[in-house]
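The values are calculated or read from the model by the stated rules, or taken from the named source; none is laboratory data. Values in this document were obtained by computation on a predicted structure and should not be read as measured data. Please note: Cβ atoms are built from the backbone with ideal geometry, for glycine as well, and neighbour counts cover all protein chains shown. For the accessible areas, the whole protein counts, side chains as well, though only heavy atoms, and no ligand, DNA or RNA atoms are used. Shrake-Rupley method; radii C 1.70, N 1.55, O 1.52, S 1.80 Å.
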Amino acid sequence: MEVTRRGFLKVSGAALVSGGLGVSLKPVAAHAQPLKIQYAKETTTICPYCSVGCGIIVSTRGGKVVNTEGDPDHPISQGSLCSKGGSIYQLSVNKGRLDKPLYRAPYATEWKEVSLEWALDEIARRIKDSRDKSFTEFNEKGQKVNRTNGIASVGSAAMDNEECYIYQKFLRSLGLVYIEHQARI
Amino acid sequence: MTNHWIDIQFSDCILAMGSNPASNHPISFKYIQKAMEKGATLVNVDPRFTQTSSRAHLYAPLRSGTDIAFLGGMIKYILDNNLYNEKYVKFYSNAPFLVNPAFRLPGENDGVFSGLNGTKYDKSTWSFQKGADGVILKDPTLQDPNCVFQLLRKQYDRYTPELVSKITGTPVDKLLQVYKTYAATGQNGKAGTILYAMGWTQHTVGVQNIRAMSIIQTLLANMGVAGGGVNALRGESNVQGSTDYALLFHILPGYLRAPLASLPSLKDYIEKSTPATTEPKSLNWWKNYSKYITSLLRAFYGTNVAPEEAYDLLPRLDDGKNYSWLSLFDAMYKGEFTGFFSWGQNPACSGASSNKTRQAMAKLDWMVNVNIFDSETGSFWKGPGMDPAKIKTEVFMLPCSASIEKEGSITNSGRWMQWRYKAVNSPGEATPDGELISELFLKVRELYEKEGGPLKEAVTKLTWDYGPKDAFGRVTHLDAHAIAKEINGYFLEDKEINGVLYKKGSLVPSFALLQDDGSTSSGNWLYCNSYTEKGNMAARRSRKDTTPIGIYPEWAWSWPVNRRIIYNGASVDPETGLPWDTEHPVIIWDGAKWTGDVPDGVAAPGAGRPPFIMKPDGVASIFGPGLADGPFPEHYEPLECPIDKNLLSPQFINPTIRRFDVGGTELDLRATCDPRFPFVCSTYRVSEHWQTGLMTRWCSWLAEMQPSMFVEMSEELAKLKGIGNGDSVVVRSVRGEVDAVAIVTARFKPFDINGQTIHQVGIPWHYGWVTTAMRKYSHDDKKPEVFTFGDSANLLTPFIGDPNTMIPESKAFMVNVDRKGVK
């Protein structure tokens, strides 16, 4: 018998009924190999790589990603994914992910682990010092420019729209004009 | 994209040029194949025979950097053979407009347009003739020698197939086959689409490449129709959105211009930014400029700061000064910055002339790098050729969340804004970018509140109401919905518009209702309508579609106002209102209103409103005087090229580019027609990696499939250089070198350029030293499961950009290739 995904669910359901009759489920489960997304929570997302915007279903169990697969309901991708989209599981389940803020002091040869709170406090202090030092109210022609010449920013097309919006709002409130990102290159 | 991915299936001829969708946008190929199953022709023009070429009905090679010559020849072919849609051109483009008789074309003016003064054009002759009433003079018969149509004919008359072939290296018969096949889409009911990507933008004539194709699409009536349009295959999941949200120096959200020093007040800004028109029937949508900037200022600074005062808090650019990517890294290299954010980006590999970029970062006092993996940027200070003991730059490397670890929206290439949900928590202390931005802002604001500082109000008065707050007024949890609503915009007071009362605090239903009296807010007018009292439009998942053209209007949301095909007013006959293509109508007049897609720029059929409503005169610009380098595209050689002259004119390269190599720094080098670097080189991508590889090199499945930097070359070149398939080689330009593995293939063929044999090679740009085996890993360094080999292709690319966009010329430059150890 060919067991499709939907068909398999029916088979499991039948097993469950038998369970109610006092038959142990264990051998059945061992025999049928439970689907890896059993009891998993499904969340939809959109692929973070190219700009086609394919749909992906992320299955999680116990706070861990257990599976990612193409979203068959998505009108563009209709369940298909390319090599990159098909591997987004590894963006989450990956020992290479940065998980601690790191700090490199001037002339240091190594990183140092620091707390996020310390890093953000130190960065905020440097932003203020650089801004205050380089803030230019008038340009050489005497025109008002109200800008911070001493800080630049690049990034990011990898952020969500809402993040892009508050990022540029923050940078422009600081007076930055050197604001650029991937769209320029 | 003017159209969207699903729409490609309605095309009769798909031209993939300057792109390789089969490799780089693989799922888009589903729709190319669907079109082919229905009888469409796939035409591919590329220096290399790619995966897209392998499925194409017609493949034509061309030398990198010669697209305008190729397309100019197509324009000539269309005009010579009367293959254009005359009514479309007459009603929907500026072809009938009469141009200033003093205007000169390059063919009669030493290869440049009239008005060149140094590297800048005085555009006074690039103007239209006007009558006493101020209305542009036109010749509806398209016969006047000064009308745009006749000037177009004259401009491209020089682009004969024989001359084009000498420049591009494309055999004449191939040229004519492509021209004939694509020009057939000018027939009524036929649609042709162009799919382009960085293969067109990364040139010193990048914008004019796209302009040339836009002219073709206008001549063939392919704008606004299903299966047509000008479609940029954008490279990143949200690069459309990040552009819309203005992470660029020259714009504010929604493509409003950044304030200039010469515009001291909001009134000046609005006056200078709002286009006027004398064309009686033109809608001139940008007349609403004041509403969008005023609503944006409200979104930034709320109701406690008057819009005029809020404008005063914004930074201004010096007039005429460029602050874009190349200028930014040039300034950094010259030590102009103390601080730098590299947020979700890896410029040490993505920036052209990466040696300069990497050395520039050593001139900083401090730098913040936010990413999900270690990168060549964050760790630049210990990269190849760097001595950490001599580098003062402090670096903060903050781990952020991956896309499935946070909630928010992204906008795809087809302008669809789609909502994503959080599936899991981030590892360790990795934090969503938005939370990091918010935390930083709140800390900086606190410092200004406590200590004061120059123009502190710009920071302290900024609105920041993005979620629940603690007793000290700090946002404790960043709510993406709160931001999305601010972007859409609110009514800030009760407002009656056309007899309807909109309550204070309610979301604005559409940008047509935004006001310039301060009564509305909107963080991005283009996204007004995306989050309304009806809910979060981007989160919609209905597959309902009543149209025959697959627009799925209730799946997610598309800007503007959920319109799926922009300029769709041009899909119908100007006199009858009937669709050009009755089988695939985009909009249909039902006697009282338009149905189908959200109509764009049309009044009732035959009302005479020109449909390109974002242009002041309402029509497509065949003559485009807005650009820096000419109102028509003209072929110029790349900054670095293999021949010593432009075969078309005495003007060798684009005269308006900003030359960093002239009077620039010691790293701004150029080698053109230099025997040390005899081969044309172009960068490209592969399916298994993405951009600098930062999000793919760390994934073992992908790294295993494409582990190594390589250089692809023809069998003829390999023989010439004594290189075998799989050999270790070094690719060198005047700016740097990279190690690579040689891939000897039949996919590249030498070009015959004006009787000279010219070789071209290609290199992917996904690699970087951080994930390689040979580097030193200390205890705090993450180590990839699968090592990759090789560094960034951008170590070789030139520091030069298009004069309009300043996008670097990474697709055409000169290199040499030798076996490792041989020089």
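If the requirement is being in a helix (DSSP H, G or I) and facing chain A (nearest Cβ under 10 Å), which of these qualifies: B:312, B:330?
Selected residue: B:312, the only one of B:312, B:330 that is in a helix (DSSP H, G or I) and facing chain A (nearest Cβ under 10 Å).
Tell me yes or no: at least one residue of segment B:99-107 is without any contact (Cβ under 8 Å) to a residue 24 or more places away in the chain, over 14 Å from residue B:631 (Cβ atoms) and out of contact with any strand residue (DSSP E or B) (no Cβ under 6 Å at 6 or more places or on another chain). There is no residue in segment B:99-107 that is without any contact (Cβ under 8 Å) to a residue 24 or more places away in the chain, over 14 Å from residue B:631 (Cβ atoms) and out of contact with any strand residue (DSSP E or B) (no Cβ under 6 Å at 6 or more places or on another chain). Figure legend. Inter-residue proximity from segment A:70-81: first residues closer than 16 Å to residue B:25 by Cβ and within 8 Å of chain B (Cβ to nearest Cβ), second residues among the polar types (S, T, N, Q) and buried (at least 19 other Cβ atoms within 10 Å of the Cβ), beta-carbon distance below 7 Å, spacing 6+ or different chains. No pairs are indicated.
Would segment B:301-309 turn up any residue that is within 11 Å of chain A (Cβ to nearest Cβ) and either at pLDDT 95 or above or assigned to a strand (DSSP E or B) (or both)? Please lay out each step first, then the result.
Step one: of segment B:301-309, the residues within 11 Å of chain A (Cβ to nearest Cβ) are B:301.
Filter once more, keeping what is either at pLDDT 95 or above or assigned to a strand (DSSP E or B) (or both): B:301.
Yes; the residues of segment B:301-309 include at least one that is within 11 Å of chain A (Cβ to nearest Cβ) and either at pLDDT 95 or above or assigned to a strand (DSSP E or B) (or both).
When segment B:637-672 is filtered for residues that are farther than 19 Å from residue B:114 by Cβ and polar (S, T, N, Q), the ones remaining, listed by number, are B:665, B:672.
Of all residues in segment B:365-395, which are part of a loop (DSSP other than H, G, I, E, B), in contact with a Ser or Thr (Cβ under 9 Å, 6 or more places away or on another chain) and either crowded, with 19+ Cβ neighbours inside 10 Å or outside the structural domain of residue B:348 (by TED's automatic domain parsing) (or both)?
So in segment B:365-395, the residues part of a loop (DSSP other than H, G, I, E, B) come out as B:365, B:372-379, B:383-387, B:391-393.
With in contact with a Ser or Thr (Cβ under 9 Å, 6 or more places away or on another chain) added as a condition, the list becomes B:365, B:372-378.
Listed by number, the residues that qualify are B:372, B:373, B:374, B:375, B:376, B:377, B:378.
Only residues that are in contact (Cβ under 8 Å) with a residue 12 or more places away in the chain, farther than 10 Å from residue B:69 by Cβ and part of a helix (DSSP H, G or I) were counted in segment B:157-174, giving 2. Of everything in segment B:333-350 that is over 19 Å from residue A:174 (Cα atoms) and assigned to a loop (DSSP other than H, G, I, E, B), the residue that is farthest from the other protein chains (Cβ to nearest Cβ) is B:334. All conditions but one from (1) open to solvent by less than 10 Å² (accessible area, probe 1.4 Å); (2) assigned by TED's automatic domain parsing to the domain that holds residue B:169 apply to residue B:86; the one that does not is (1).
Table: residues versus (1) surrounded by fewer than 21 Cβ atoms within 10 Å (Cβ to Cβ); (2) within 27 Å of the chain's Cα centre (by Cα); (3) within 20 Å of residue B:373 (Cα to Cα); (4) at pLDDT 95 or above.
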position	(1), (2), (3), (4)
B:637	no, yes, no, yes
B:641	no, yes, no, yes
B:647	yes, no, no, yes
B:659	yes, yes, no, yes
B:684	no, yes, no, yes
B:696	no, yes, yes, yes
B:709	no, yes, yes, yes
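Taking the numbered list (1) more than 30 Å from residue B:332 (Cα to Cα); (2) outside any loop (DSSP other than H, G, I, E, B); (3) more than 14 Å from chain A (Cβ to nearest Cβ) in turn, residue B:623 passes all entries but (2).
From the list B:758, B:763, B:807, exactly one residue is open to solvent by less than 30 Å² (accessible area, probe 1.4 Å), in contact with a Lys or Arg (Cβ under 7 Å, 6 or more places away or on another chain) and away from chain A (no Cβ under 12 Å). Which is it?
Details: B:763 fails: in contact with a Lys or Arg (Cβ under 7 Å, 6 or more places away or on another chain); B:807 fails: away from chain A (no Cβ under 12 Å).
Of the residues listed, the single one that is open to solvent by less than 30 Å² (accessible area, probe 1.4 Å), in contact with a Lys or Arg (Cβ under 7 Å, 6 or more places away or on another chain) and away from chain A (no Cβ under 12 Å) is B:758.
Working carefully through the options B:319, B:312, B:330, find the one that is under 26 Å from residue A:138 (Cα atoms), in contact with an Asp or Glu (Cβ under 9 Å, 6 or more places away or on another chain) and either modelled with pLDDT under 95 or of a type in the set (Asp, Glu) (or both).
Details: B:319 fails: in contact with an Asp or Glu (Cβ under 9 Å, 6 or more places away or on another chain); B:312 fails: in contact with an Asp or Glu (Cβ under 9 Å, 6 or more places away or on another chain).
Just one listed residue meets the conditions, B:330.
Evaluating residue B:298 against the criteria (1) farther than 17 Å from residue B:484 by Cα; (2) more than 9 Å from chain A (Cβ to nearest Cβ) leaves one unmet condition, (1).
For segment B:1-83, the strands (runs of 3 or more DSSP E) that sit wholly inside it and include 3 or more residues that are open to solvent by less than 20 Å² (accessible area, probe 1.4 Å), in contact with a strand residue (DSSP E or B) (Cβ under 9 Å, 6 or more places away or on another chain) and modelled with pLDDT of 95 or more are B:13-17, B:41-45.
I need a count of the residues in segment B:688-730 that are in a loop (DSSP other than H, G, I, E, B) and not small (Gly, Ala, Ser).
Within segment B:688-730, the subset in a loop (DSSP other than H, G, I, E, B) is B:688-699, B:706-707, B:709, B:722-727.
Still in the list and also not small (Gly, Ala, Ser): B:688-692, B:694-699, B:706-707, B:709, B:723, B:725, B:727.
The qualifying residues number 17.
Just need a number here: residues in segment B:120-135 that are over 31 Å from the mean Cα position of the chain (by Cα) and part of a strand (DSSP E or B). Quick ask: steps written out before the conclusion?
Restricting attention to segment B:120-135, the residues satisfying the condition of being over 31 Å from the mean Cα position of the chain (by Cα) are B:129-135.
Right, trim to part of a strand (DSSP E or B) and you get B:130.
Qualifying residue count for the region: 1.
Across segment B:585-620, the qualifying residues are those that are among the β-branched types (Val, Ile, Thr) and assigned to a loop (DSSP other than H, G, I, E, B), and the one among them that is most open to solvent (accessible area, probe 1.4 Å) is B:598. Residue B:436 fulfils the conditions (1) within 7 Å of chain A (Cβ to nearest Cβ); (2) surrounded by 24 or more Cβ atoms within 10 Å (Cβ to Cβ) except for a single criterion, (1).
Quick check on segment B:241-274: of everything there that is more than 24 Å from the chain's Cα centre (by Cα) and among the hydroxyl-bearing types (Ser, Thr, Tyr), which residue is surrounded by the fewest Cβ atoms within 10 Å (Cβ to Cβ)? Can you show your working first?
Here is the first cut: in segment B:241-274, the ones more than 24 Å from the chain's Cα centre (by Cα) are B:261-272.
From the residues that got through so far, the ones that are among the hydroxyl-bearing types (Ser, Thr, Tyr) too are B:262, B:265, B:269.
On the way: B:262: 15, B:265: 13, B:269: 24.
Among residues in segment B:241-274 that are more than 24 Å from the chain's Cα centre (by Cα) and among the hydroxyl-bearing types (Ser, Thr, Tyr), the one surrounded by the fewest Cβ atoms within 10 Å (Cβ to Cβ) is B:265.
Output the number of residues of segment B:101-119 satisfying the condition of being assigned to a loop (DSSP other than H, G, I, E, B) and either of a type in the set (Asp, Glu) or open to solvent by 40 Å² or more (accessible area, probe 1.4 Å) (or both). Give the steps one after another, and end with the answer.
Let us first name the residues in segment B:101-119 that are assigned to a loop (DSSP other than H, G, I, E, B), namely B:101-105, B:109-115, B:118-119.
Those left that are additionally either of a type in the set (Asp, Glu) or open to solvent by 40 Å² or more (accessible area, probe 1.4 Å) (or both): B:101-102, B:104, B:109-110, B:118-119.
Result for segment B:101-119: 7.
The single residue among B:468, B:432 that is at pLDDT below 95 and over 22 Å from residue B:306 (Cβ atoms) turns out to be B:468. What are the pairs with Cβ atoms under 9 angstrom where one residue, in segment B:230-246, is more than 7 Å from chain A (Cβ to nearest Cβ) and the other, located anywhere, is assigned to a helix (DSSP H, G or I) and among the acidic types (Asp, Glu)? Sequence gap at least six, or different chains. Listed by first residue and then by second, the contacts come to B:231/B:7.
Could you please find all residues in segment B:279-300 being part of a helix (DSSP H, G or I) and open to solvent by 10 Å² or more (accessible area, probe 1.4 Å)? Matches in segment B:279-300: B:285, B:286, B:287, B:288, B:289, B:290, B:291, B:298.
The residue pairs whose first member lies in segment B:32-61 and is among the hydroxyl-bearing types (Ser, Thr, Tyr), whose second member is surrounded by fewer than 17 Cβ atoms within 10 Å (Cβ to Cβ), and whose beta carbons are closer than 6 Å, counting only pairs six or more residues apart or on different chains, are B:41/B:57.
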